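Working notes, structure below.
Read-outs throughout are calculated quantities, based only on the coordinates presented, and are distinct from any laboratory measurement. Just so it is clear, the model here is predicted, and its values are computed rather than measured. Glycine also receives a Cβ, built like all others from the backbone with ideal geometry; neighbour counts cover every protein chain displayed.
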Amino acid sequence: MKFGLIFLIVLGSLLTRETESAKILSVFAFPGPSQYIFASAILKNLAERGHEVTSISMFPQQKPVKNFRDIYIPENANLVADLLTDVDEMQQLSELENMMAMYDIGLSMCPNVFRNKEIQKLLKSSEEKFDLIIMELFLAESLYGLAQHFNAPIVGLSTFGTTSFIDRVVGNTSPPSFLPSVFTPFDTKMTYRERLSNFIHIGIDNLYYNFFYLPKQEEIYKQFFPNAKISLQEIQKKFSLVLLNQHFSLSYPRPYVTNMIEVGGVHIKQIPDPLPQELQAFLDNATEGAIYFSMGSNLKSKDLPPEKLQIFLNVFRSLKQKVLWKFEDTELPNKPDNVYISKWYPQPSVLAHPNVKAFITHGGLLSTTEAIYHAKPVLGIPMFADQPMNVANAVKRGYAKGVDFKTLNEADLKLGLSELLYNPIYTQNVQMYSKRLRDQPMTPVETAIFWLEYVLRHDGALHLRNTGADLNFWQYHSIDIILTIVGVILFVLSFITLVIYKLIGLIYGKRSKRKTKSKQN
């Protein structure tokens, strides 16, 4: 009992430790609402703690927030929308084509940010000063230049965990032998074929990133920061901290360096917001249970091919459960009576309702995290990026059923839902993972705030960085050492071979001389 009291006192002192009010610049240029949902939870908490937050994004606050300033970037609005409108065409993309399409977005996104009038005004202002830069790490390399421009420490946020280009900024290691690429549907226990595929995929990704994509980002950096005193490569080595939207209970244990911190679930409130009255009544009256269906914030259900829409309508019509469908149009022809449509739902609050029994989702990481936190079994229909991997992991962990969108039919959809609704093992499994996710010494948002303020308290906290971040690829993997050792071994073997060859020649020479003498005698 005493130990518990001491622990709570120590924990309370950590969370209330004084940190001077700071001016913070946040840059989230990617036009995905789910990415910004992750960031905004952290930014709003910083503002509540008295820090002055300037947020560069596509998603300004609907209502004014104290200590919070938005800089709106509408120029990037259609970058992802154009990619996702034609669902059939998107489904034809291979994993590598999917990856390259993402990189193309980055090369368009960053110049759009720099050309924005408000950003230009910010860059030219002599009065704007910042104590910390919080930067999204996804496809935003040239934007890292804002850290050198304002001479401020830089912290990275990753909305999907880590990958090779994120590992690079902090010198982290991600062995491809057991850590799958986010663009593959593998988990940590890979077969030989999967390990080979994963190795090749990561290799191609690294080659494309380092020799095609990154040089183009360096060109953008030089264009908009012509007087920069340090290179983009040097800025990449100055990250104080990286906060990851991940947690081992959501995926799997893996290595991290000291300044990589897991804060998966940071956007989830411990006490969900109340539901709108009409929605609350609809779910309260769902005596047979309810199903929640959303394809996320980027992909819109209204853009689904007509034949796929009809499959969903037919299956939903046959269910006795009610269905909440995130449908981005005011009308849905032939909508069944048990289906409730809306362009937007407060998803965490919906999933928290006890009558919601299953969640049909695209498998995005935020949605997967919310499903686990609120213990709802999942029917996953992955579309692109990390979604196939998230759904594959959920299926292997026993709280999800997966359906291939390309071959989606009424029988498979209905069978998958029936399994989730009537086989209790799926709910039992997700409840176990929910318990693990919730069992943390601090909430994810408290963890994030503690480490961000730690960086502020310790002048950038560069002591957290490991020296692996300063090494190049050859040095980091000791390839130069291995080549030296191999060279020495080859030299020694060559020398020994030469000596043996000469000895053999000498021996045979002496023998031949003896034979010649004996013949002469």
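Could you list, in their original order, any pairs among Lys302/Lys335; Lys269/Lys396; Lys308/Lys335; Lys269/Lys326 whose Cα atoms are separated by more than 23 Å? Each step should come with its number before you reach the end.
On the way: Lys302/Lys335 13 Å; Lys269/Lys396 27 Å; Lys308/Lys335 14 Å; Lys269/Lys326 21 Å.
Cα-Cα > 23 Å for Lys269/Lys396; rest within.
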How many angstrom separate the Cα center of region 150-183 from the Cα center of region 321-375? 31 Å
Could you list the square roots of 5 times each eigenvalue of the Cα gyration tensor of the chain, that is, the equivalent ellipsoid semi-axes, sorted largest first and rounded to whole Å? 49, 33, 24
Size of region 277-438 as Cα extents on the principal axes (Å, biggest first): 42, 35, 27
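Mind ordering 395-406, 277-288 by average Cβ neighbours within 10 Å, highest first?
Numbers: 395-406: 17.9, 277-288: 13.8.
Top to bottom by mean Cβ count within 10 Å: 395-406, 277-288.
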Between Glu307 and Val257, what is 0.36 nm times their sequence separation minus the Cα-Cα distance? Round to one decimal in nm. 13.2 nm
Could you give each residue of region 275-292 its phi-based ³J(HN,Hα) in whole Hz, using Karplus coefficients 6.51, -1.76, 1.60 with θ = phi - 60°, and x for Gly or Pro? 7, x, 4, 5, 5, 4, 5, 4, 6, 4, 8, 7, 5, 8, x, 9, 10, 9
Starting with the fewest neighbours, write out Met190, Met295, Met100 ranked by other beta-carbon atoms found within 10 Å of each beta-carbon. Met100, Met190, Met295
Counting pairs of alpha carbon atoms under 8 Å apart in space and at least six apart in sequence, what relative contact order in percent does the chain give? 15 percent
Mean ellipticity per residue at 222 nm, deg cm²/dmol - from DSSP H runs of n ≥ 4 across the chain, formula -39500 (n - 2.57): -15000 deg cm²/dmol
Between Glu410 and Leu483, with labels modelled 7 Å along Cα→Cβ, what's the label distance in nm to one decimal, could you check? 6.3 nm
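List the pairs from Lys300/Lys401; Lys66/Lys237; Lys189/Lys300; Lys63/Lys300; Lys237/Lys406; Lys63/Lys124 whose alpha-carbon separation is above 31 Å, in the order I gave them.
Numbers: Lys300/Lys401 21 Å; Lys66/Lys237 33 Å; Lys189/Lys300 33 Å; Lys63/Lys300 25 Å; Lys237/Lys406 42 Å; Lys63/Lys124 28 Å.
Listed pairs above 31 Å: Lys66/Lys237; Lys189/Lys300; Lys237/Lys406.
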